[in-house]
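Novice: I'd like to ask some things about the structure below.
The values are calculated or read from the model by the stated rules, or taken from the named source; none is laboratory data. Small disclaimer: the values here were computed from a predicted structure and weren't measured. Glycine gets a Cβ as well: all are built from the backbone with ideal geometry, and neighbour counts include every protein chain shown.
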Amino acid sequence: MLKILTIIGARPQIIKAAALSRVIRNGFAGRIMEKILHTGQHYDSNMSQVFFDELGIPQPDYNLHVGSGSHGEQTAKMIAGIEKVLQAEHFDALVVYGDTNSTLAGAVAACKLHVPVVHVEAGLRSFNMTMPEEQNRIVCDHLSSLLFAPTETAMENLRHEGFMDSKAVFANGRGRQVYNSGDIMYDNSLYFARIAAEKTTVLKDNALEPDRYVLATIHRDNNTDDPHRLTSIFKALLQISEDCAVALPLHPRTAKLLETNLEKELHEMLLHSNVRIVPPVSFLEMTALEQNACMVLTDSGGVQKEAFFFARPCVIMRPETEWVEIVEQGAGIIADADSDRIIGAYNVFKNKKLNLKPVFGDGNASTIIAEKMLACI
């Protein structure tokens with residue numbers, strides 16, 4: 001039996017892990033044994049525990065409780081904690097998702113101990129090396145012996161970087177293998193869309209009407225920590241809210257920064273506007289908000305994709321995106337934190353119907369990943 005250790009820490013990873021855990025439980029229970037390690041990178045209950053409860057993910061076998069801290073301090077604690085687990089118990093492989101500090105820590109700890117690293121969501125590139133996520137995903141790709149790319153663009157990135165004919169040799173003479181699995185988040189969106197519609201009341205609770213509001217999310221530190229960028233974004237949201245309600249689920253960190261990084265007058269306007277500030281939402285609530293929004297404005301990579309899955313146009317409040325397919329399909333516009341560009345993109349999409357091609361697989365990424373792990377490890 002293949003025994004794997006899954007590393008999670010931030011809520012996008014918890015959600016992605018739900019898809020693979022579900023497939024292992026329902027289709028591979030006799031062939032794959034999974035244990036879960038939670039680094040504690042997200043430790044607020046609304047940002048972490050609710051996802052285990054709601055998505056039916058098994059409770060973690062290990063929790064490092066690392067909490068917040070600088071990138072170096074947080075990552076170092078994770079590496080040390082993961083290393084201890086890997087030394088205390090035998091695992092055939094370690095699975096990491098995405099591009100967080102938890103991803104990097106898991107890859108470093110496992111590779112040092114010659115445990116094969118499986119990277120789900122490999123090959124993404126924004127080409128912005130100031131982004132911690134870009135740094136993490138590149139290092140993780142190079143430390144991984146089994147890579148699962150979510151799109152053909154990600155495969156092409158890996159091809160250009162030499163992964164397809166890599167000379168890298170891992171423990172026991174293992175070479176590197178790369179597959180296009182499709183996007184594991186698409187699995188979840190298909191699976192949970194109906195459940196979200198039946199089990200959430202987030203629209204009613206916040207007086208939101210389907211197709212009559214814009215969903216906005218802001219969490220990246222280059223937006224929240226820069227008063228100029230944050231002010232520019234909120235000026236755009238306030239102007240848009242004069243035309244359409246704006247639902248804004250706020251990350252706890254962003255909520256704290258509004259009072260200090262927004263101009264006082266702008267903050268007062270926000271409190272009396274048609275911008276509905278919503279507490280952090282669960283995955284099912286977020287799914288319901290995405291399904292029913294007329295448009296999505298975000299700096300989140302995951303939310304960009306989910307908007308695409310539900311055929312909702314997306315204004316990308318970053319200078320670039322690793323999900324270039326969304327822009328190429330005409331479903332996304334990169335507006336950065338420029339209020340004029342954000343408002344311009346909103347006006348472009350306001351009455352536009354999307355006609356999208358499937359670029360994120362067929363919703364069976366988890367099964368492909370499980371099958372390939374059995375065959376390759």
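Novice: Test Gln59 against the criterion of being surrounded by fewer than 19 Cβ atoms within 10 Å (Cβ to Cβ) and at pLDDT below 95, and give yes or no.
Specialist: Here the answer is yes, as Gln59 does meet what is asked.
Novice: A further question follows. Quick one: which residue in Thr298, Thr367 is among the polar types (S, T, N, Q) and more than 16 Å from the chain's Cα centre (by Cα)?
Specialist: It is Thr367.
Novice: Still on this structure, please answer the following. Out of the residues in the range 245-280 that are closer than 23 Å to Arg11 by Cβ, out of contact with any strand residue (DSSP E or B) (no Cβ under 7 Å at 6 or more places or on another chain) and of a type in the set (D, E, K, R), which is modelled with the highest pLDDT?
Specialist: Residue satisfying both the conditions and the ranking: Lys256.
Novice: Take the residues in the range 156-196 that are in the same structural domain as Val120 (by TED's automatic domain parsing), more than 18 Å from Leu374 (Cβ to Cβ) and small (Gly, Ala, Ser); name whichever of them is surrounded by the most Cβ atoms within 10 Å (Cβ to Cβ).
Specialist: Ser166
Novice: Name the residues in the range 320-376 that are assigned to a helix (DSSP H, G or I), closer than 22 Å to Asn188 by Cα and among the acidic types (Asp, Glu), would you?
Specialist: Across the range 320-376, the qualifying residues are Glu325, Glu371.
Novice: Could we say that Met33 is modelled with pLDDT of 95 or more and buried (at least 22 other Cβ atoms within 10 Å of the Cβ) here?
Specialist: no
Novice: Among (1) crowded, with 17+ Cβ neighbours inside 10 Å; (2) modelled with pLDDT under 95; (3) of a type in the set (D, E, K, R), there is one condition Glu290 misses while meeting the rest; what is its number?
Specialist: Failed condition: (2).
Novice: Still on this structure: One residue is enough: does the range 336-343 have a residue meeting the conditions in contact (Cβ under 8 Å) with a residue 40 or more places away in the chain, of a type in the set (A, V, I, L, M) and buried (at least 19 other Cβ atoms within 10 Å of the Cβ)?
Specialist: yes
Novice: Out of contact with any helix residue (DSSP H, G or I) (no Cβ under 6 Å at 6 or more places or on another chain), in a strand (DSSP E or B) and not aliphatic (A, V, I, L, M) - does that describe any residue in the range 210-218?
Specialist: yes
Novice: Would you check if there is a residue in the range 257-279 being within 30 Å of Ala122 (Cβ to Cβ) and either free of Cβ contacts under 8 Å to residues at least 60 places away in the same chain or within 16 Å of the chain's Cα centre (by Cα) (or both)?
Specialist: Checking the range 257-279: not a single residue is within 30 Å of Ala122 (Cβ to Cβ) and either free of Cβ contacts under 8 Å to residues at least 60 places away in the same chain or within 16 Å of the chain's Cα centre (by Cα) (or both).
Novice: Please state which of the following conditions Leu297 fails to meet, knowing it meets all the rest: (1) modelled with pLDDT of 95 or more; (2) closer than 28 Å to Gln13 by Cβ; (3) assigned to a helix (DSSP H, G or I).
Specialist: (3)
Novice: Taking the condition of being among the β-branched types (Val, Ile, Thr) and touching a helix residue (DSSP H, G or I) at 6+ places or on another chain (Cβ under 8 Å), how many residues in the range 156-193 meet it?
Specialist: Residues that pass the stated criteria total 2.
Novice: If the requirement is being small (Gly, Ala, Ser) and in contact (Cβ under 8 Å) with a residue 60 or more places away in the chain, which of these qualifies: Ala149, Ala197?
Specialist: Of Ala149, Ala197, the one residue that is small (Gly, Ala, Ser) and in contact (Cβ under 8 Å) with a residue 60 or more places away in the chain is Ala197.
Novice: Name the single residue that is surrounded by the most Cβ atoms within 10 Å (Cβ to Cβ) among those in the range 80-105 being among the aliphatic types (A, V, I, L, M) and more than 21 Å from the chain's Cα centre (by Cα).
Specialist: This residue is Ile82.
Novice: If you don't mind, another one. Tally up the residues in the range 1-18 that are surrounded by fewer than 24 Cβ atoms within 10 Å (Cβ to Cβ) and part of a helix (DSSP H, G or I), please.
Specialist: 2
Novice: Do we find a residue being modelled with pLDDT of 95 or more, within 19 Å of the chain's Cα centre (by Cα) and not hydroxyl-bearing (Ser, Thr, Tyr) anywhere in the range 106-116?
Specialist: yes
Novice: Given the condition at pLDDT below 95, part of a helix (DSSP H, G or I), among the hydrophobic types (A, V, I, L, M, F, W, C) and farther than 30 Å from Val117 by Cβ, answer yes or no: does some residue in the range 230-237 qualify?
Specialist: Among the residues of the range 230-237, at least one is at pLDDT below 95, part of a helix (DSSP H, G or I), among the hydrophobic types (A, V, I, L, M, F, W, C) and farther than 30 Å from Val117 by Cβ, which makes the answer yes.
Novice: For the range 300-319, which positions are part of a strand (DSSP E or B) and surrounded by fewer than 22 Cβ atoms within 10 Å (Cβ to Cβ)?
Specialist: Of everything in the range 300-319, nothing turns out to be part of a strand (DSSP E or B) and surrounded by fewer than 22 Cβ atoms within 10 Å (Cβ to Cβ).
Novice: Of Ile79, Ile57, which residue is within 30 Å of Leu250 (Cα to Cα), in contact with a Phe, Trp or Tyr (Cβ under 8 Å, 6 or more places away or on another chain), touching a residue at least 12 places away in the same chain (Cβ under 8 Å) and not assigned by TED's automatic domain parsing to the domain that holds Pro279?
Specialist: Just a single option satisfies the conditions, and that option is Ile57.
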